[in-house]
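Note sheet for the following structure.
What follows draws every value from the coordinates through simple rules; no lab data is involved. Not measured: the values here are computed from a predicted model. As a convention, Cβ positions derive from the backbone with ideal geometry for all residues, glycine included, and neighbour counts pool all protein chains shown.
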Amino acid sequence: METCGVKFGTSGARGLAEEMSDFVCCVYTKGFLGHLAATGAMRPGMRVAVAGDLRPSTGRIMAAVMRAVQDSGGVPVNCGRVPSPAVALYGLEEGIPAIMVTGSHIPDDRNGIKFNKPTGEILKEDEEGIRRQVVEVDKDLFGSAGNFKPGQAVTAGTAQQDPATAGPTGEAAERYVRRYVEGFGPQALAGVRLGVYQHSAVGRELLVRIFEGLGARVTPLGFSEKFIPVDTEAIRPEDVALAAEWAGTGEFDAIISTDGDSDRPLISDERGQWLRGDVAGILCARHLGADAVCTPVSCNSAVERCGWFPGVRRTRIGSPYVIAAMLEATEQGARRVVGYEANGGFLLNSDLELDGRRLRALPTRDAVLPQVSLLLLARREGRTLSGLVATLPARFTASDRLKDFAVERSQAILARFAQGNTALEEAFGKWCGRVAAIDRTDGVRVTFDSGEVVHLRPSGNAPEFRCYNEAATAARAEELNRLCLERLRQMA
């Protein structure tokens, strides 16, 4: 299903905000709800939770989504501006669908809609079911630009307000905060000095509440009224400089942050060095005592080399693939099943007991669990965060992307590498050596005889071409990433 340039997939609908008209948003939302009805997961009068991030177009799109819920026979529940995992948690606990309006980490000229079934995120089979839906929309409700005529959109005041009233003090937000404070205890992080880089993340207030609730001494930093596209896989130079500046004061044991919809974490060590998301994922899995770890092919191979986990399952990139692997691991008898992505988003598929407290499963991408876990693991082992990272095998990753890069251009480059080793060695061999192995699970991931890795793939939710690299030192990974991106520019 594609409407007016807006793309649809397992991340939901995503496109330029001006192209995500009210009409387009209604079509996609009705398609999702129609699929749920066809599979028995949606019934007349059912509540549907709706939330959004802080970008300028989000309020309008939320109103369009709520009108579509209403027109589909549902009752929209306005959860306000809360993190994606918070509205997903609310939906799971209530057994109702949950919809999040967000463009995640991408600039605010774009936006998107994420769909969650009453049982969790949509998967690939749901995507196909949604695409097959035929929906009815009254075009007379819309003006020439595809937006509702005055008086037609649902407002926050007409959506159900009780118990999930809007924003960071509503029930969806409160449950999210309680998940961590009750799951780990009010003194779990007593004495930890923590900086929270708030910028324009929708969870910026909740992060402060959660970590203060765990006993940490929290200092809010970098609040912004303007939307800032923080990408946890391709960290902006400005954010690198900010973390180093704040850490230079010596006041913090760590600095934490998230992307726009607060489902992907950033966490820095005491020196202000942002940790890679896949490194944070390994350490979080260790703290939780995971016996099955599911992670995409783009993530650091230290997860296998460390020897901490009985089972590691590699998947295509995207949380639906990680979730499918987690479900399979659970069905096969694993008891502590987790997943994580290169962006740091962490998924928990098992209820866990930790120090006599219960932490319930949340099988959707989450930013807070890895942040809490790393701080607790460092405390348990008597290490700084940098010392904790040093316990891992010496495998370092770097990633970046070519922006405004059409998918067709990305696919044309990948097509050159489809026939064998020669083209790959011609492109990258002078830096990396001869090809040792090729993995085409998602894009092309090449391991060279030097042990270095080049992984290329188009982004699934933006016009970008991503390049991931792995090497024995951080400096070499960064250098290799820079060289590979320059080579790709030359090939475009």
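Hey, how many Å between the Cα centroid of the stretch 286-337 and the Cα centroid of the stretch 360-420? Using only Cα atoms to place each centre, the spacing works out to 14 Å. Can you tell me how the stretch 53-124 classifies by the Cα gyration tensor, rounded, prolate or oblate, using a/c under 1.5 as the rounded cut? Because a/c hits 1.5 or more and a/b fails to exceed b/c, the stretch 53-124 counts as oblate.
A straight line joining the Cα centroids of the stretch 421-463 and the stretch 172-238 runs 36 Å. Listed cross-link partners Lys124/Lys149; Lys30/Lys226; Lys30/Lys124; Lys114/Lys226 are compared with a 29 Å cut-off, the Cα-Cα value being larger for Lys124/Lys149; Lys30/Lys226. Using a cutoff of 8 angstrom between alpha carbon atoms and counting only pairs six or more residues apart, the relative contact order for the chain works out to 12 percent.
What does the extension gain come out to for Arg380 and Val134, with contour length at 0.36 nm per residue minus their alpha carbon separation?
Working: separation 246, 0.36 × 246 = 88.56 nm, distance 5.46 nm.
Contour length minus the Cα-Cα distance gives 83.1 nm.
Of all lysines in the structure, those lying under 28 Å Cα to Cα from Lys430, and not within fewer than 8 positions of it along the same chain, are Lys403. Under 5 Å from the amide H of His105 lie the amide H atoms of Gly260, each residue being 5 or more positions distant or on a separate chain, with H modelled from the backbone and absent for Pro and chain starts. Taking square-rooted eigenvalues a ≥ b ≥ c of the alpha carbon gyration tensor, is the stretch 396-491 rounded, prolate or oblate, where a/c under 1.5 means rounded and, failing that, a/b exceeding b/c means prolate? Oblate, since a/c reaches 1.5 and b/c is not below a/b. Between Asp109 and Gln332, the contour length at 0.36 nm per residue exceeds the alpha carbon distance by 75.9 nm. Taking the Cα centre of the chain as reference, the dipole from Cβ charges on Lys and Arg (+1) and Asp and Glu (-1) amounts to some 440 debye.
For Asp231, the residues 5 or more places off, or on other chains, whose built amide H falls under 5 Å of its own are Arg236.
Along the stretch 216-233 the Karplus relation, 6.51 cos²θ - 1.76 cosθ + 1.60 evaluated at θ = phi - 60°, assigns HN-Hα couplings of 6, 8, 10, 10, x, 9, x, 4, 9, 6, 8, 5, 10, x, 7, 10, 6, 9 Hz to successive residues, with x for each Gly and Pro.
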